[in-house]
Ligand SMILES: NC(=O)c1ccc[n+]([C@@H]2O[C@H](COP(=O)([O-])OP(=O)(O)OC[C@H]3O[C@@H](n4cnc5c(N)ncnc54)[C@H](O)[C@@H]3O)[C@@H](O)[C@H]2O)c1
């Protein structure tokens with residue numbers, strides 16, 4: 001028996017990086033996988049490598065598309081047990097240089113996208129008898145980093161919304177847990193982009209280099225724990241996985 005045997009998991013931003021690795025990890029432990037992403041070709045490719053997995057093209061900013069992918073997941077697998085709100089983007093600029101359009105773009109994908117995912121997954125999870133929501137935050141939502149004001153707002157907001165939803169589920173007597181993961185620097189296409197776009201002496205980069213970067217599996221294994229019944233007493237929590245970066 002796998003650690004998440006028979007559970008149905010929907011993972012946004014699953015075409016790349018942490019989402020793709022989380023999909024592979026949960027599948028290895030017996031979950032049925034639905035990957036969604038705006039990157040269609042890459043998403044199809046990741047899904048094709050996972051036996052039985054489905055891919056749906058999905059922009060997490062769209063309320064309509066959220067309703068659609070949740071309905072399609074339940075139609076395909078009969079239920080929804082695990083939601084990983086993972087889709088994300090980053091635009092580097094200080095508050096003085098970041099355009100309002102780029103601010104809204106990031107907040108809509110990461111914070112609004114997470115809100116919509118929780119909103120439409122919850123009723124299906126309650127019908128199925130329970131579940132686990134895993135929201136991907138960041139250490140950028142915990143510490144002050146000057147070049148990511150919108151990303152920080154979204155990721156800090158994700159921690160707050162996670163707590164609110166966890167308490168709501170308890171108050172309602174739902175067997176649904178809601179937790180966040182706050183990764184530090186992990187080697188993915190997103191961080192490769194950061195390294196190429198940011199000046200070598202950009203604030204925050206030096207410390208990252210000194211502490212080293214994590215691997216996608218470092219986060220996927222945490223998601224596996226949160227998705228499984230092993231974390232049954234854990235809700236409203238933030239798992240910081242950053243090689244001690246935030247405590248320095
Ligand atoms: N890599 C890190 O160091 C790190 C650290 C902290 C947090 N995170 C967070 O982890 C998550 C995954 O990041 P990653 O490093 O794997 O990056 P990534 O760029 O490899 O993957 C992000 C995925 O999100 C998808 N996406 C972007 N906009 C979308 C939208 N509107 N709708 C649906 N999908 C969309 C992208 O197409 C991509 O496949 C993000 O939320 C990111 O902020 C990453």
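The values are calculated or read from the model by the stated rules, or taken from the named source; none is laboratory data. The model shown is predicted, which means the values in this text are computed figures rather than measured ones. Because the Cβ atoms are built from the backbone with ideal geometry, glycine has one as well, and the counts that use them run over all protein chains shown.
The table below lists the values:
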quantity	calculated
Every pair of residues 6+ apart whose Cβ atoms lie under 9 Å, when the first sits in region 184-200 and is more than 21 Å from residue 87 (Cβ to Cβ) and touching a residue at least 12 places away in the same chain (Cβ under 8 Å) while the second is assigned to a loop (DSSP other than H, G, I, E, B) and more than 7 Å from the ligand (Cβ to nearest atom)	198/92; 198/147; 198/204
Close pairs (6 angstrom Cβ cut-off, 6 or more residues apart or separate chains): under 17 Å from residue 83 (Cβ atoms) in region 225-248, in a loop (DSSP other than H, G, I, E, B) anywhere	227/4; 228/3; 228/4
Output for region 1-31, where each listed residue is closer than 22 Å to residue 189 by Cα and not in a helix (DSSP H, G or I)	10, 11, 12, 13, 14, 15, 16
Looking only at region 66-81, and only at residues there that are under 17 Å from the mean Cα position of the chain (by Cα) and assigned to a helix (DSSP H, G or I), the one that is farthest from the ligand (Cβ to nearest atom)	70
Unmet criterion (only one of (1) under 30 Å from residue 196 (Cβ atoms); (2) buried (at least 20 other Cβ atoms within 10 Å of the Cβ); (3) under 17 Å from the mean Cα position of the chain (by Cα)) for residue 116	(1)
Pick from region 33-55, criterion near the ligand (Cβ under 9 Å from one of its atoms) and in a strand (DSSP E or B), ranking: surrounded by the most Cβ atoms within 10 Å (Cβ to Cβ)	36
Unmet requirement for residue 145, which otherwise passes all of (1) within 12 Å of the ligand (Cβ to nearest atom); (2) crowded, with 24+ Cβ neighbours inside 10 Å	(2)
Check on residue 30, more than 13 Å from the ligand (Cβ to nearest atom), surrounded by fewer than 22 Cβ atoms within 10 Å (Cβ to Cβ), under 30 Å from residue 232 (Cβ atoms) and in contact (Cβ under 8 Å) with a residue 60 or more places away in the chain	no
Test: residue 83 is under 17 Å from residue 224 (Cβ atoms) and either touching a strand residue (DSSP E or B) at 6+ places or on another chain (Cβ under 6 Å) or at pLDDT below 95 (or both)	yes
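Residue by residue, here is whether (1) touching a helix residue (DSSP H, G or I) at 6+ places or on another chain (Cβ under 6 Å); (2) not in a helix (DSSP H, G or I) holds:
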position: 83; (1), (2): yes, yes
position: 107; (1), (2): yes, no
position: 114; (1), (2): yes, no
position: 120; (1), (2): yes, no
position: 140; (1), (2): yes, no
position: 150; (1), (2): yes, no
position: 159; (1), (2): yes, no
position: 167; (1), (2): no, no
position: 179; (1), (2): yes, yes
